[in-house]
There are 2 protein chains.
Amino acid sequence: MSEAPRQLTLNLFIYPNGHHEAAWRHPLAARERILDVRYYQSLAQQAEAAKFDAVFFADGLGIGDGIRYASRFHLEPLTLINALAAATEKIGFIATASTSFYDPYTLARLFGATDHWSGGRIGWNIVTSSLKSAAGNYGLTRHPSHAERYERAHEFVQAVTRLWDSWEDEAFVNDASTGLFADTDRIHAANFTGKHLRVQGALNLPRSPQGRPVYVQAGSSEDGRQFAAQYAEAIFTAHQTLESAQSFYRDVKQRAAQWGRNPAHIKILPGLSPFIGSTEAEARALQREFDELIQTDFSLLQLKNQLGLDIDLRGQDLDAPFPRHLIPHSADQQEHSRFQLVLDIVDREKPTLRQLIERLAGARGHFVLAGTPEQIADHIETWFTQGAADGINVMPPWLPGGLEVFTREVVPILQRRGLFRQDYSGDTLRDHLGLPRPPSLFASEQQQAA
Amino acid sequence: MSEAPRQLTLNLFIYPNGHHEAAWRHPLAARERILDVRYYQSLAQQAEAAKFDAVFFADGLGIGDGIRYASRFHLEPLTLINALAAATEKIGFIATASTSFYDPYTLARLFGATDHWSGGRIGWNIVTSSLKSAAGNYGLTRHPSHAERYERAHEFVQAVTRLWDSWEDEAFVNDASTGLFADTDRIHAANFTGKHLRVQGALNLPRSPQGRPVYVQAGSSEDGRQFAAQYAEAIFTAHQTLESAQSFYRDVKQRAAQWGRNPAHIKILPGLSPFIGSTEAEARALQREFDELIQTDFSLLQLKNQLGLDIDLRGQDLDAPFPRHLIPHSADQQEHSRFQLVLDIVDREKPTLRQLIERLAGARGHFVLAGTPEQIADHIETWFTQGAADGINVMPPWLPGGLEVFTREVVPILQRRGLFRQDYSGDTLRDHLGLPRPPSLFASEQQQAA
Ligand SMILES: Cc1cc2nc3c(=O)[nH]c(=O)nc-3n(C[C@H](O)[C@H](O)[C@H](O)COP(=O)(O)O)c2cc1C
Ligand SMILES: Cc1cc2nc3c(=O)[nH]c(=O)nc-3n(C[C@H](O)[C@H](O)[C@H](O)COP(=O)(O)O)c2cc1C
């Protein structure tokens, strides 16, 4: 048998009403159902019927002022994915959790258990939390710096890896006749001691179906890339041009190789927010409907936060060129990838403030494309075959319709072109992504000793 | 209409293979399914078909040596109840979480979200964690003292209450036409500052169906009772005699009244682990089958931990009287209610070490009763009508059969006697328990100001 052709990964990124910031105001959005778990279950079932690899939920440990204007609160991802896994069979679920504010033991248990309950369908989006209001919610007087957060993140990943590995696979014996429930010689203290974290272990749970959840990451700064190259098995990223995505792709794969890793075992997934119509004009008209519902005050608030500005943009003339001189140039800010992305748009497109706001309203800097199903599929194929992506983080502008039209119109084209699976060939998220199941660190230490 | 007669609460307390410490070795137990979520879903569905109020999961943040001998690891409760709520409609779920090791913001989100996903069916068993191995798993060099843990627990409950109340019910507006998603005048900072905890808030989630999860508690020490009287809406407790349960019941209800609370709004639920047979002899024979599977080394390990002994009991003669002189008398130990309970058995029954072990093997000091369905129902009725209980924490010795026989044989008797509901009359756990839905603290502050 010849090797199977390289297959696309499709990940569904769910925001309550969809990713367009005004989606919740549009009659097509499921406004009344955003706290109803059955709504999210039906979205996950729809994605599963279309053979998506996974469903993803972002997270943030606080709220901002923007809550006044939009459904921008965070669905708690760990509880939610357990309710969704219970309503599905195959599709994976990726939950975001912060290395800055979780305790490693708590996080390891929540994800380890979820991997059991879902039969091995879980991924962890590892974030360091850039949201400033989180610090006060966790008793801190200041938000830790970008560098401190990544320093703790490194320790955190090492600590939870040791916890997930603390039971070797063979430790769970469960033999009634001998009365041996667990082989305690194969249960190991994690014994992690770092600058920020100290965890004894072992975890109080047999090793999970996937060994460890799939490690996912979404930082694009220098620290973020370095971190991703070392640990991540899938990466979410935002790009406005093919070239930018290609350069990111090359860079991360190279860095992974430098860590001695197989670059095929890091799936790079740029975001795409598609407005789909039977003609391009129809798709654009649909996008315009959503853009017309934008509340300028909200958009300006978001932009202020994204750029880390101190000044209130509401005084500015919306139809004058974007006031480039207001953007700070401090190194700390420059580290933030979303900041850089906005700056690139400003420098490349020289938009007015209003144009910039509409540019970002669709998906906060992710690629927004209005077109026919063929055009959307062409875009995906190009990025997939031209070294920019291993798959796509699908960010429907509104829900549930924006997912429904994608699965009905675009997925079959990708399947006909041989780019995307007709059915699942395995049961776990690692199976879907073609990722190996890692052996326990402690098992290999024993082998080396033997 | 006359007032409805007082109704029993029935709560199902699930341990993976049931509560008898050797249950996992018995052919009747579901040994192969203890990591399979569908097994727990089917137990919850069975309890729901019998109209139980709730299903409860204990928790502990570490493992002990006993894991070698028995299925004594903790199913992570929060993830699990989300998977079970998704497979049921009405029954409540009570998850244990520790005030000593969780962060208030994390816990408030996990429970608040779960209350949303379940449609208001959630309770929180508030524990301070007596398990000593937890401290090392959370980076501490020593386990905090009983007094310190309760001091933090008080702050913790106040902090999370403010978080759950931080969105007034009316704050979630979701009005597309005006573009007002949330009324930020009705979203409040929690602003809690204590000796141990500091939380800014608000929570990043609209107020949940029950306003707050049901507050459950299970400490029986002086501090524990005081805490329960102040906050708890349901209490789990272990008693070996009717008199002991009655005295506990009176004491807690009185304390609650002293806090200005309605004593009917604290449900007291002693544990009962029933071996059921068509004759008493058959029930006893069944119990004996399980007792014969006990591993003495495990039982002695558990007893050592329960009594806080430093010495290894494995040297002792099993058939000599229990060596009472080995038990320490330090005040710190005496505070622990489980310690006191074992001591009472020793002093009352003067057992041999072997007899004491078998006495505790069924349910760690909870009441174990072998009898016919009528006898089990009589016991429950007596405790319910004689001021010892508002309901029963049902602890099947083995699963799934121990639940199945209880729901098939005992529940109908309780229903015929008019003690237990024929069907649910409401949708939330507060409805089932007859507990009020608390208004937001901040809403009443506003009313007072107006
Ligand atoms: C698709 C995508 C999803 C993200 N989701 C989250 C999230 O849920 N929570 C979060 O704190 N950050 C999230 N981020 C942001 C990054 O994880 C990262 O914190 C941020 O980019 C700042 O780190 P950096 O400077 O390394 O890029 C996301 C980024 C992308 C591209
Ligand atoms: C039915 C029941 C269930 C309990 N579940 C837990 C539990 O899940 N986790 C825990 O740490 N303690 C649990 N406990 C113990 C108490 O919460 C409490 O921590 C212990 O009794 C020590 O506190 P005290 O000295 O106030 O009694 C339980 C007790 C009972 C009676």
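Restricting to the range B:231-248, count the residues that are surrounded by fewer than 17 Cβ atoms within 10 Å (Cβ to Cβ) and in a helix (DSSP H, G or I).
3
When you check A:A95 against the structure, is it open to solvent by 10 Å² or more (accessible area, probe 1.4 Å) and either within 16 Å of ligand 2 (Cβ to nearest atom) or without any contact (Cβ under 8 Å) to a residue 60 or more places away in the chain (or both), yes or no?
Spelling it out, it is not the case that A:A95 is open to solvent by 10 Å² or more (accessible area, probe 1.4 Å) and either within 16 Å of ligand 2 (Cβ to nearest atom) or without any contact (Cβ under 8 Å) to a residue 60 or more places away in the chain (or both).
Would you confirm whether or not the range A:44-51 contains a residue that is under 27 Å from A:Q306 (Cα atoms) and under 17 Å from the mean Cα position of the chain (by Cα)?
no
Return the residues of the range B:249-277 that are within 19 Å of the chain's Cα centre (by Cα) and either in a loop (DSSP other than H, G, I, E, B) or touching a residue at least 60 places away in the same chain (Cβ under 8 Å) (or both); say none if nothing qualifies.
B:Y249, B:A264, B:H265, B:I266, B:K267, B:I268, B:L269, B:P270, B:G271, B:L272, B:S273, B:P274
Identify, please: which residue in the range A:170-208 is outside any loop (DSSP other than H, G, I, E, B) and among the aliphatic types (A, V, I, L, M) and is, among those, surrounded by the most Cβ atoms within 10 Å (Cβ to Cβ)?
A:V199
I'm trying to understand the selection: among the residues of the range A:302-324, which are part of a loop (DSSP other than H, G, I, E, B) and touching a Phe, Trp or Tyr at 6+ places or on another chain (Cβ under 8 Å)?
A:G308
Out of (1) out of contact with any Asp or Glu (no Cβ under 9 Å at 6 or more places or on another chain); (2) open to solvent by less than 30 Å² (accessible area, probe 1.4 Å); (3) assigned to a helix (DSSP H, G or I); (4) modelled with pLDDT under 95, the odd one out for B:S299 is which?
Failed condition: (1).
Please count how many residues of the range A:1-15 are surrounded by fewer than 22 Cβ atoms within 10 Å (Cβ to Cβ) and either at pLDDT below 95 or in a strand (DSSP E or B) (or both).
6
Quick test of your reading of the structure: A:Q422 fulfils all but one of (1) in a helix (DSSP H, G or I); (2) touching a residue at least 40 places away in the same chain (Cβ under 8 Å); (3) open to solvent by 20 Å² or more (accessible area, probe 1.4 Å). Name the failing condition by number.
The one condition A:Q422 does not meet is (1).
Can you find a residue that is at pLDDT 95 or above, out of contact with any helix residue (DSSP H, G or I) (no Cβ under 6 Å at 6 or more places or on another chain) and within 30 Å of A:N11 (Cα to Cα) anywhere in the range A:181-204?
no
For the range A:16-63, which residues satisfy the criterion of being of a type in the set (V, I, T), open to solvent by less than 10 Å² (accessible area, probe 1.4 Å) and touching a helix residue (DSSP H, G or I) at 6+ places or on another chain (Cβ under 6 Å)?
Listed by number, the list holds a single entry, A:V55.
Quickly run through the range B:209-222 and pick out the residues that are part of a strand (DSSP E or B) and either open to solvent by less than 10 Å² (accessible area, probe 1.4 Å) or within 16 Å of ligand 1 (Cβ to nearest atom) (or both).
If the condition is that a residue be part of a strand (DSSP E or B) and either open to solvent by less than 10 Å² (accessible area, probe 1.4 Å) or within 16 Å of ligand 1 (Cβ to nearest atom) (or both), then B:G211, B:V214, B:V216, B:Q217 are the ones that fit.
Can you go through B:G277, B:G308 and tell me which one is modelled with pLDDT of 90 or more and open to solvent by less than 40 Å² (accessible area, probe 1.4 Å)?
Criteria check complete, one pass: B:G277.
Determine if the range B:350-370 includes at least one residue that is open to solvent by less than 60 Å² (accessible area, probe 1.4 Å) and farther than 30 Å from B:V405 by Cβ.
Yes, that holds for at least one residue.
I need the full set of residues from the range B:35-47 which are more than 8 Å from chain A (Cβ to nearest Cβ) and in a loop (DSSP other than H, G, I, E, B), in order please.
B:D36
Taking the options A:G201, A:G308, name whichever one is within 16 Å of ligand 1 (Cβ to nearest atom), at positive phi and touching a residue at least 12 places away in the same chain (Cβ under 8 Å).
A:G308 is the lone residue from the list that is within 16 Å of ligand 1 (Cβ to nearest atom), at positive phi and touching a residue at least 12 places away in the same chain (Cβ under 8 Å).
I'm trying to understand the selection: among the residues of the range B:324-363, which are closer than 24 Å to B:S273 by Cβ and at pLDDT below 80?
Residues satisfying the conditions are B:H336, B:S337, B:R338, B:F339.
Condition (residue is within 14 Å of chain A (Cβ to nearest Cβ), away from ligand 1 (no atom under 16 Å from the Cβ) and not charged (D, E, K, R)) applied to the range B:232-243: is it met by at least one residue?
no
Looking at (1) open to solvent by 20 Å² or more (accessible area, probe 1.4 Å); (2) closer than 30 Å to B:H116 by Cβ, which one does B:M395 not meet, given that it meets all the others?
(1)
If B:R207 satisfies every condition in (1) within 15 Å of ligand 2 (Cβ to nearest atom); (2) in contact (Cβ under 8 Å) with a residue 60 or more places away in the chain; (3) farther than 30 Å from B:R408 by Cβ but one, which is the exception?
(1)
Out of all the residues in the range A:250-261, is one or more open to solvent by 10 Å² or more (accessible area, probe 1.4 Å) and on the phi > 0 side of the Ramachandran plot?
Yes.
Among A:L326, A:L293, A:L318, which is the only one that is of a type outside the set (K, R), open to solvent by 20 Å² or more (accessible area, probe 1.4 Å) and in contact with a strand residue (DSSP E or B) (Cβ under 8 Å, 6 or more places away or on another chain)?
A:L318
For A:R225, are the conditions met, namely being assigned to a helix (DSSP H, G or I), open to solvent by 50 Å² or more (accessible area, probe 1.4 Å) and either farther than 24 Å from A:V405 by Cα or more than 16 Å from ligand 1 (Cβ to nearest atom) (or both)?
yes
Pick from B:V199, B:V214: which is more than 14 Å from chain A (Cβ to nearest Cβ), among the β-branched types (V, I, T) and in contact with a Gly (Cβ under 8 Å, 6 or more places away or on another chain)?
Step by step, each of B:V199, B:V214 is checked, and only B:V214 is more than 14 Å from chain A (Cβ to nearest Cβ), among the β-branched types (V, I, T) and in contact with a Gly (Cβ under 8 Å, 6 or more places away or on another chain).
Quick grid of which residues meet (1) touching a Pro at 6+ places or on another chain (Cβ under 7 Å); (2) without any contact (Cβ under 8 Å) to a residue 60 or more places away in the chain; (3) away from chain A (no Cβ under 12 Å); (4) open to solvent by 10 Å² or more (accessible area, probe 1.4 Å):
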{"site": "B:D65", "(1), (2), (3), (4)": "no, no, no, yes"}
{"site": "B:I81", "(1), (2), (3), (4)": "no, yes, no, no"}
{"site": "B:A86", "(1), (2), (3), (4)": "no, yes, no, yes"}
{"site": "B:G112", "(1), (2), (3), (4)": "no, no, no, no"}
{"site": "B:G119", "(1), (2), (3), (4)": "yes, no, no, yes"}
{"site": "B:A134", "(1), (2), (3), (4)": "no, no, no, no"}
{"site": "B:L140", "(1), (2), (3), (4)": "no, yes, no, yes"}
{"site": "B:H146", "(1), (2), (3), (4)": "no, no, yes, yes"}
{"site": "B:A159", "(1), (2), (3), (4)": "yes, yes, no, no"}
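The values are calculated or read from the model by the stated rules, or taken from the named source; none is laboratory data. Remember, it's a predicted structure, so these values are computed and weren't measured experimentally. Cβ coordinates were reconstructed from backbone atoms using ideal geometry, including for glycine residues, and neighbour counts include every protein chain displayed. What goes into the accessible areas is simple: the full protein's heavy atoms, side chains included, and nothing from ligands, DNA or RNA. Shrake-Rupley method; radii C 1.70, N 1.55, O 1.52, S 1.80 Å.
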